[in-house]
Amino acid sequence: MLTLWSLVNYPIISFPAFLLYCRSYCDGSPTNVSKDRTWPSFCTKFPVFSFLREYFPQRLHLRPFIGGMKKEKRQYIFAVHPHGSMADYRPVLDAQLQEQLPDIEIRWLAASVLFLLPIVREICLWTRCIDARRSVAEKALQKGLSIGVVPGGEQEQLDTTFGEESVFLKKRFGFVKLALQFGAPLVPVYVFGCTDLYKTSKAGYPFRKLLVRCLGVCLPFCYGKYGMPLSPFKQPLDIVFGKPVELGPACPNPSKDQIANAHEKYTEALQKLFDEEKRKFGFGSRSLQIV
């Protein structure tokens, strides 16, 4: 509506601006890895992200492997769990990684639908996101980039329950297959505190699940401080990076057994990471459910 009002009332200014935006919108950046639209200073200096970083606060813990990563330039696949109701931490995490791991060129896999939404699309591109299609992820890895993925995706987002640690992983094999094909170590990452940011509701769950299944779109019913949907509780977020899971040299055509074995190895590493770290951050009484 605002765009239409501007075109009608201020055509001399708004029409050229609209055409320029259309050109940018249709340039294929989400699927063309070569069209790098990242904006490093946007992540690190945008006031909203800076506020969120201190509000929770959000902290990174890279101790298990940061020394090894600096010795040689390698590709990694960072698998982050859980998605949470809104994944508020993701753009802030990107800024923190730029600061603490400046030598790692990473691209985040984001749901295709996000790139259809004006403004949201730009924020995703500026914070190093690309379309989550498999072909796009392969292109990124072929270019020598690392990738970040939230394996649970929309299903995990939909099933997020306040105060429960649960990840949707048993049927997620795609990121493991990519790791095998390109010989990239899998790095388990767990976000402690993520499921405590919003109260959640199961209202309309069957319909919302159908949307996830048919369109890959999740409508989260959640609320935080003051009962507002985009006002998370002030819950510290501790993002812990585990030791990389080495899967051996690149295997262009891994068998189903190889993928299953690698998946099992990764699942065990994630479970171990959670169990070893949970008491440090006040979650000693919780158990991780892998579904």
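Quick check for me: using +1 on Lys/Arg Cβ and -1 on Asp/Glu Cβ, what's the dipole size of the chain about its Cα centre, in debye to the nearest 20?
Details: 38 positive and 26 negative charges, 34 e Å.
Once rounded to the nearest 20, the dipole reads 160 debye.
Can you tell me which of 114-122, 184-192 comes out highest on packing, and rank the rest after it, using the mean Cβ neighbours within 10 Å? Intermediate values should be presented prior to the final figure.
Numbers: 114-122: 13.9, 184-192: 23.1.
Most protected by this proxy first, the peptides run 184-192, 114-122.
Suppose every K and R has +1 on its Cβ and every D and E has -1 on its Cβ; what is the size of the dipole of segment 82-142 about the Cα centre, in Debye to the nearest 20? Before the final figure, lay out the partial values.
Numbers: 7 positive and 8 negative charges, 60 e Å.
About 280 debye.
Using a simple charge model, +1 on the beta-carbon of Lys and Arg, -1 on the beta-carbon of Asp and Glu, nothing else, what dipole does segment 134-200 show about its Cα centre, in debye to the nearest 20? Don't skip to the answer; put the middle values down first.
Working: 8 positive and 7 negative charges, 90 e Å.
Result for segment 134-200 is approximately 440 debye, rounded to the nearest 20.
Apply 1/(1 + (r/R0)^6) to the Cβ-Cβ distance of TYR226 and CYS26, taking R0 = 25 Å, and write down the FRET efficiency to the nearest 0.05.
Working: r = 39 Å, r/R0 = 1.57.
For TYR226 and CYS26, the calculated efficiency is 0.05.
Could you calculate the contour length gain from VAL291 to VAL120, that is, 0.36 nm times the residue separation minus the distance between their Cα atoms, to one decimal place in nm?
Values: separation 171, 0.36 × 171 = 61.56 nm, distance 2.98 nm.
Net length gain for the segment: 58.6 nm.
Under the rule a/c < 1.5 gives rounded, and otherwise a/b versus b/c splits prolate from oblate, where does segment 67-200 land using the Cα gyration tensor?
Details: a/c = 1.45, a/b = 1.36, b/c = 1.07.
Judged from the Cα gyration tensor, segment 67-200 comes out rounded (a/c under 1.5).
Could you tell me whether segment 37-279 comes out rounded, prolate or oblate from its Cα gyration tensor? Rule is a ≥ b ≥ c as square roots of the eigenvalues, rounded for a/c under 1.5, then prolate if a/b exceeds b/c, otherwise oblate. Walk me through the numbers before you get to the answer.
Working: a/c = 1.40, a/b = 1.25, b/c = 1.12.
Cα axes put segment 37-279 in the rounded bin.
Quick check on the chain: helices-only [θ] at 222 nm, where DSSP H runs of length 4 and up contribute -39,500 (n - 2.57) each and the sum goes over total residues. Nearest 500, please.
Numbers: 12 runs with 121 residues, N = 291.
So the calculated ellipticity at 222 nm is -12000 deg cm²/dmol.
For the residue pair GLU138 and GLU264, what label-to-label distance in nm results when each label sits 7 Å from Cα along the Cα-to-beta-carbon direction?
2.7
For segment 82-147, what's the relative contact order in percent, using C-alpha pairs closer than 8 Å and at least 6 residues apart?
On the way: 56 pairs, mean separation 22.4, N = 66.
The normalised contact order for segment 82-147 reaches 34 percent.
Do any trypsin sites (Lys or Arg not before Pro) in segment 196-229 lie in a loop, going by DSSP, with at most 16 other beta-carbon atoms within 10 Å of their beta carbon, and if so which? All intermediate terms of the calculation are to be shown ahead of the outcome.
Numbers: sites: LYS199, LYS202, ARG208, LYS209, ARG213, LYS225; in loops: LYS202.
Hits after loop and neighbour filter: LYS202.
Please compute the contact order of the chain in relative form: average sequence separation of alpha-carbon pairs under 8 Å and at least six residues apart, divided by the residue count, as a percent.
Values: 463 pairs, mean separation 66.8, N = 291.
Relative CO of the chain lands at 23 percent.
If the cut-off is a Cα-Cα distance under 15 Å, which aspartates and glutamates reach LYS170, setting aside same-chain residues fewer than 8 apart in sequence?
GLU154, GLU156, ASP159, ASP257, GLU264, GLU268
Which of the GluC sites (Glu not before Pro) found in segment 199-291 are loop residues per DSSP with 16 or fewer other Cβ atoms within 10 Å of their Cβ? Could you put the intermediate results ahead of the total?
Numbers: sites: GLU246, GLU264, GLU268, GLU276, GLU277; in loops: GLU246.
Hits after loop and neighbour filter: GLU246.
Laboratory data are not the source of any read-out in this text; all were calculated from the coordinates shown. On a predicted model such as this, the values are computed, not experimentally measured, just so you know. Positions of Cβ are backbone-derived with ideal geometry, glycine not excepted, and every protein chain shown enters the neighbour counts.
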